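**Student:** So that we are looking at the same thing, I have put the structure below in structure tokens.
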Amino acid sequence: MAVPVILDCDPGHDDAFAIWLAAGHPNLDLLGITTVGGNGQLAQTTRNAQVVCTVAGIRDVPIAAGADSPLTRTLQTAGDIHGASALDGPVPPEPDVELDPRGAVQLLHDLLTGSPEPVVVIATGPLTNIALLLRIHPEVRTKIKEIAWMGGSTGRGNVTPYAEFNCWVDPEAAAVVVAAGLRFSMVGLNVTHLALVTPEVLDQLAAVGNATSAFAVELLKFFRASYQEAEGMAAPPLHDPVAVALVAVPEIVTTVHTRLDIELHGPETVGATSVDLHNKLGRPANAHVAVDLDADRFWKTVEDAIRRMR
């Protein structure tokens, strides 16, 4: 039986692949998509979610816009990686998918309370919407099976030496969600940097031969060029769909149950994820942290999902 999931995202090139994987994998039942400011401003990430669904022919999944800024900070975006639209590269179609008027927090609440079984919330951006949901509607905790988040790192960061972007944008929200007492899984840079967009990956996706794969390849060509310029990486990591893969096919991603804390105050470390892999602090484990990836199987899973799109 397919696992019911909701995807909270900030599209973003890699979020596009997260949407396609969540909608196209037979092990998942995508109930809804919510958007948050992150890779771009909220208006951009929301429109991009509509574009991604339009390209793939995803028509039966509601999309709702959420928080346009972090809980306490000013939104910082990632134009150096994702471009002016947050989804630069191919010429996007005019979206033909309507927005749900309820907004992200209300849609999350309604989908969770309306589901006959607990739902996995997959988050691939800053955790602002999820933190707001838990604050405004704490009663929905019993309806959340797990929160699977692409964010953080067990090692170095990608926006500061120690902080990964999704956590750095809204560390207060991440701290709220981690402290909520729910099953929490973190898929960080240490693992997503194993999901590299090599020339072979591009060729495999192009060979799928549908409209979604053609759009995907154009996205990745821009993404590769951005990473080459910004990070000196010829093969960029496709972060966000790894968190979806963790839920769809758990054996693709190896995790350990350990202690996770969010750094909120250090001038050089704010937004860092402190992962106590060796139990130095003696605190109780509170997160399932990804430590390895079966990259070949991951890419085959992504390819198969895109093959199921339009």
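The values are calculated or read from the model by the stated rules, or taken from the named source; none is laboratory data. Note that the structure is predicted; figures quoted are calculated from it, not measured. Neighbour counts are summed over all protein chains in view; Cβ atoms, including those assigned to glycine, are modelled from backbone coordinates with ideal geometry. The protein model used for the area step is the full one, side chains on, heavy atoms only, and it has no ligands, DNA or RNA in it. Shrake-Rupley method; radii C 1.70, N 1.55, O 1.52, S 1.80 Å.
**Student:** How many Å² of accessible area per residue for the stretch 254-306, probe 1.4 Å?
**Tutor:** 53
**Student:** In addition: In the stretch 1-46, how does Rg compare with the Kirkwood Rh, expressed as the Rg/Rh ratio over alpha carbon atoms?
**Tutor:** 1.02
**Student:** Top to bottom by accessible area (1.4 Å), largest first, where do K143, K221 land?
**Tutor:** These residues rank, largest area first, as K221, K143.
**Student:** In a Gaussian network model over the chain where Cα atoms closer than 10 Å are linked, find which of W299, W20, W168 has the largest mean-square fluctuation.
**Tutor:** The residue that fluctuates most here is W299.
**Student:** So, counting K/R as plus one and D/E as minus one, what does the shell of residues with Cβ under 14 Å around S69 add up to?
**Tutor:** The answer is -3.
**Student:** Moving on to the next point. Tabulate in residue order the Karplus-calculated ³J(HN,Hα) for the stretch 89-104, using 6.51 cos²θ - 1.76 cosθ + 1.60 with θ = phi - 60°, rounded to whole Hz; enter x for Gly and Pro.
**Tutor:** x, x, 6, x, x, 5, x, 10, 10, 6, 8, 6, x, 6, x, 5
**Student:** Which loop trypsin sites (Lys or Arg not before Pro) in the stretch 247-301, with loop taken from DSSP, have no more than 14 other Cβ atoms within 10 angstrom of their Cβ?
**Tutor:** Hits after loop and neighbour filter: K280.
**Student:** Which ³J(HN,Hα) values, rounded to whole Hz and listed in residue order, are derived for the stretch 238-251 from phi using the Karplus coefficients 6.51, -1.76 and 1.60 in 6.51 cos²θ - 1.76 cosθ + 1.60 with θ = phi - 60°, glycine and proline given as x?
**Tutor:** These are the phi-based 3J(HN,Hα) values: 9, 4, 5, x, 5, 5, 5, 4, 4, 7, 6, 9, x, 6 Hz.
**Student:** Considering only protein heavy atoms and a probe of 1.4 Å, how much of the accessible area of the chain is carbon and sulfur, as a whole percent?
**Tutor:** 51
**Student:** In whole Hz, what ³J(HN,Hα) sequence does the stretch 143-155 give by Karplus (6.51, -1.76, 1.60; θ = phi - 60°), x for Gly and Pro?
**Tutor:** Once θ is set to phi - 60°, the couplings for the stretch 143-155 become 9, 9, 6, 6, 10, 10, 10, 8, x, x, 6, 7, x Hz.
**Student:** Related question: Only bridges with both residues in the chain count here: give the DSSP antiparallel percent, nearest 5.
**Tutor:** Counting only bridges with both partners in the chain, antiparallel ones make up about 30 percent.
**Student:** Next question, about the same structure. Placing one identical point scatterer on every Cα of the stretch 37-187 and ignoring solvent, what is log10 I(q)/I(0) from the Debye formula at q = 0.17 Å⁻¹?
**Tutor:** Normalising to I(0) and taking log10 leaves -1.06.
**Student:** Tell me, which longest segment in the chain has none of the GluC sites (Glu not before Pro) that fall in DSSP loops with at most 16 further Cβ atoms within 10 Å?
**Tutor:** For GluC sites (Glu not before Pro) (loop position, at most 16 other Cβ atoms within 10 Å), the longest site-free span of the chain is 99-267.
**Student:** Name the residue, out of A22, A230, A287, whose mean-square fluctuation peaks in a Gaussian network model built on the chain with Cα pairs under 10 Å.
**Tutor:** Residue with maximal mean-square fluctuation among A22, A230, A287: A230.
**Student:** DSSP loop (so not H, G, I, E, B), at most 14 other Cβ within 10 Å: list which trypsin sites (Lys or Arg not before Pro) in the stretch 1-82 pass both filters.
**Tutor:** Listed in order of number, the matching sites are R59.
**Student:** Which of these, D170, D15, D292, has the largest mean-square fluctuation under a Gaussian network model of the chain (Cα springs below 10 Å)?
**Tutor:** Of the options given, D292 has the highest mean-square fluctuation.
**Student:** Quick one: accessible surface of C53, probe radius 1.4 Å, all protein chains present, in square angstrom to the nearest 10.
**Tutor:** Here the residue's solvent-accessible area equals roughly 0 Å².
**Student:** Within the stretch 188-211, which residues have the backbone N less than 20 Å from the label spot 7 Å out from R283 along Cα→beta-carbon, could you tell me?
**Tutor:** Residues 188-190 fall inside that zone.
**Student:** For the stretch 236-302 and the stretch 132-200, what is the centre-to-centre distance using only Cα atoms, to the nearest Å?
**Tutor:** 8
**Student:** Ok, one more. Taking H as built 1.01 Å from N, whose amide H comes closer than 5 Å to the amide H of T254, not counting residues under 5 places away?
**Tutor:** For T254, the qualifying residues are V291, D292, L293, D294.
**Student:** Report, by chain and number, residues whose modeled amide H sits under 5 Å from the one on M186, excluding near sequence neighbours (fewer than 5 apart, same chain).
**Tutor:** Long-range HN contacts for M186: W149, H288, V289, A290.
**Student:** If you don't mind, another one. In debye to the nearest 20, how big a dipole does the stretch 148-240 give about its Cα centre with +1 on each Lys and Arg Cβ and -1 on each Asp and Glu Cβ?
**Tutor:** Here the size comes out at about 160 debye.
**Student:** Right, another one. Can you check what the Kirkwood hydrodynamic radius comes to for the chain, Cα pairs only, in Å to one decimal?
**Tutor:** Taking the inverse mean of 1/r over all distinct Cα pairs, the chain comes out at 18.9 Å.
**Student:** Multiply the residue separation of D80 and D203 by 0.36 nm, subtract the distance between their alpha-carbon atoms, and state the gained length in nm to one decimal.
**Tutor:** 41.8 nm
**Student:** Now a separate question. In terms of Cα to Cα distance under 19 Å, which lysines are near enough to K145, apart from those fewer than 8 places away along the same chain?
**Tutor:** Answer for K145, where 19 Å is the Cα cut-off: none of the lysines qualify.
**Student:** Given a cut-off of under 8 Å on Cα pairs at least six residues apart, what relative contact order in percent is computed for the chain?
**Tutor:** 21
**Student:** In Å and whole numbers, how far do the C-alpha atoms of the stretch 147-285 stretch along each principal axis, longest first?
**Tutor:** Taking max minus min along each principal axis of the Cα atoms, the stretch 147-285 gives 51, 33, 25 Å.
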